[in-house]
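Here is the structure we will look at.
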Amino acid sequence: MSLPDNNSYTHNREVDSIGQNTLVTAPVVNSSHSSEGAAAQLNIKNKPVAGFRRNVLIDLQIESPRPLKASTLQKYAKVKALALANKENRGSEDNQSRDTVLECTPENEGILPKNDTRTFVFNGEEIILSAKHGSAVLDDVHKFLVAHYPLGAKEDNNDPTASKAELELIESLQNIKRQTHLSAPPVKYLSSPPVIEVLMRGLRSEQFNAQYNALWSGINITFQDGQTAVNGLVVAGVIPILNNLLLSGNDTIIANSAWLLSNIAGDGSHSKYQVVASGTILRLLELFEKCTTQQELVISKASWLLANLCRPSDEKHSKIILQQCMEITSCVKFLLKSPYNEVKVDAFWTLHYVTDPNNEKLIQQINSLGFIELAITLLYSEDIEDKYSILKFLGRVSSVHDEYYTNKMARQHVIRMKYAKFLLASQKGLAKTAMIILANLCLSGYDCIEAIICSNVMPVISQYADKFKRHTAETIELVWFLHNYCSMATKAQLAVFVQHNLDVVLEMTLRVFAARNDTSVIVGLLGSIRSLITSGFARSWRSFASTKLFQELYYYHDAEVSMLAKKMHQEIHY
């Protein structure tokens, strides 16, 4: 669930339900033991539910394209739950229309090692999960359910001290929640002022079930009809109430409040600004001072909220985020102590969003807290699969106009033998960011270039030169790597450049950008070629001087390009 610096990162999570004859796409789990996948089952014992009897079978499919470790299960899993009502045990027609909502509570989560099963509770029902491949799979399924589904008590498990008015409010909220789970929910009705008013009453209530049902309904409604629902809730004053609930002391309420705030912030720049301006980040900092890194449900939702709040949207938002950078880095410091990889990924997205290469005070704070060293360590950790946010953060640090930081990155061995895999990654943006870091490191001169040479990435670039034969974001960054390398390298380092045939890659990229008449890039590439020629590597460019492309550059319409080509001609032959 992770995220890149793109429009797909800020998203809303919808709560799914299990109803009669309803197909539910739920959490993601993989088998670490079989490339062919495995199967497991959730069996709900046949007990009375909401006034009628049911026999529900939920099939849990564990699929994996290749053998994976237990730590990677959550990333690629796919769980499909199919709830089938037993026709013989159905109650009255009125009861048949009620949904059994997927809710998970951590009670009764004991492990039965002999049978490889785990028992826990959905909607007050005892559920036994059994799988072929042992406790690693079962643990991950359970963690995912707990982390990604609002938790709560059974619907009819109300506080015995609740007044009649409070019980009526809870019943109204439960009815709203059930309607959000219909296959075709009445979206306009659910976003209407009367419904918003009931939700607000639920959020203001002291009753857990009222708060819980109001939060869950709000999460789904803002997912289904974002703008209308968000506007209605914001106008009704939901943001300060949710900020208060972040400090309620109840993990379920805290997590779902963070979830709903994330949905509101994800609706657009204006709503995001309103959430940040309300003091939500300060509330998160207060929350982290009171909770522990082991409270997975709380910190997973809170870290996701923090990343969404810090993702840039407009200048007004950026200014208010800048004013709270110290509080944000304090939040990140706490989150990076978490044992949960998803939380760490969100924390580095936050750092990437707030790191401004021109903000010297912030950069010093980030450096003093050890975030750079930790990012480099995690970049090569086998435990974290999604490295994009970490790489993006390091890309920002490498852009700081102070050689201290790029030299520090080099000393910490940010470029290692395994770095080449980032340059060849198919994930959008990953190769581009990896190339940006290389280009920025070159600007620091000899030591950083030596680190790049030792990492063995140069032959990889040459070997996969065909990847750069067309105009892409990665090819643009490759140009600046080649240019910076040739501009800052010693003669011995340039010899390594030629040895790995990167001069051929240089000519190839020149052809790509000349075809597009991209003058600024052409100037940079010609400057790189001149650096090679003046350092004694003219011979390899003599044949190029007779090509049609060179002749076109010689008489190019831009005076600077034409002048560089003419100087090259003189330097090659003299």
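The values are calculated or read from the model by the stated rules, or taken from the named source; none is laboratory data. What you see is a predicted model; the values in this text were computed from it and never measured. Don't worry about glycine lacking a Cβ; one is built from the backbone with ideal geometry, like all the others, and counts go over all protein chains shown. Note: areas computed on protein heavy atoms with side chains; ligands, DNA, RNA excluded. Shrake-Rupley method; radii C 1.70, N 1.55, O 1.52, S 1.80 Å.
So which of Leu182, Leu203 is among the hydrophobic types (A, V, I, L, M, F, W, C) and open to solvent by less than 40 Å² (accessible area, probe 1.4 Å)? Matching residue, one of Leu182, Leu203: Leu203.
Residues satisfying the criterion are present in the stretch 275-287 (criterion: open to solvent by 10 Å² or more (accessible area, probe 1.4 Å), in contact (Cβ under 8 Å) with a residue 24 or more places away in the chain, out of contact with any helix residue (DSSP H, G or I) (no Cβ under 9 Å at 6 or more places or on another chain) and within 22 Å of Ser338 (Cα to Cα)). Counting only residues that are among the hydroxyl-bearing types (Ser, Thr, Tyr) and either surrounded by 18 or more Cβ atoms within 10 Å (Cβ to Cβ) or closer than 19 Å to Val521 by Cα (or both), the stretch 455-484 holds 3 of them. I'm trying to understand the selection: among the residues of the stretch 357-408, which are within 20 Å of Leu336 (Cβ to Cβ) and among the small types (Gly, Ala, Ser)? Matches in the stretch 357-408: Ser368, Gly370, Ala375, Ser381, Ser389, Gly395, Ser398. Any idea which residue in the stretch 246-274 is nearest to Thr222 (Cα to Cα), counting only those that are in contact (Cβ under 8 Å) with a residue 60 or more places away in the chain and of a type in the set (A, V, I, L, M)? Per the criteria, the residue is Ala265. Restricting the stretch 433-454 to residues that are surrounded by fewer than 22 Cβ atoms within 10 Å (Cβ to Cβ) and not small (Gly, Ala, Ser), the residue that is nearest to Ile522 (Cα to Cα) is Leu443. Exactly one residue among Leu443, Leu478 is farther than 30 Å from Gln364 by Cβ and either of a type in the set (Phe, Trp, Tyr) or more than 23 Å from the chain's Cα centre (by Cα) (or both), and that residue is Leu478.
Take the residues of the stretch 330-380 that are among the aromatic types (Phe, Trp, Tyr) and surrounded by 20 or more Cβ atoms within 10 Å (Cβ to Cβ): which is nearest to Asp402 (Cα to Cα)? My answer is Phe371. Listed by position, the helices (runs of 4 or more DSSP H) contained in the stretch 346-450 that have at least 3 residues being among the small types (Gly, Ala, Ser) are 388-398, 430-442.
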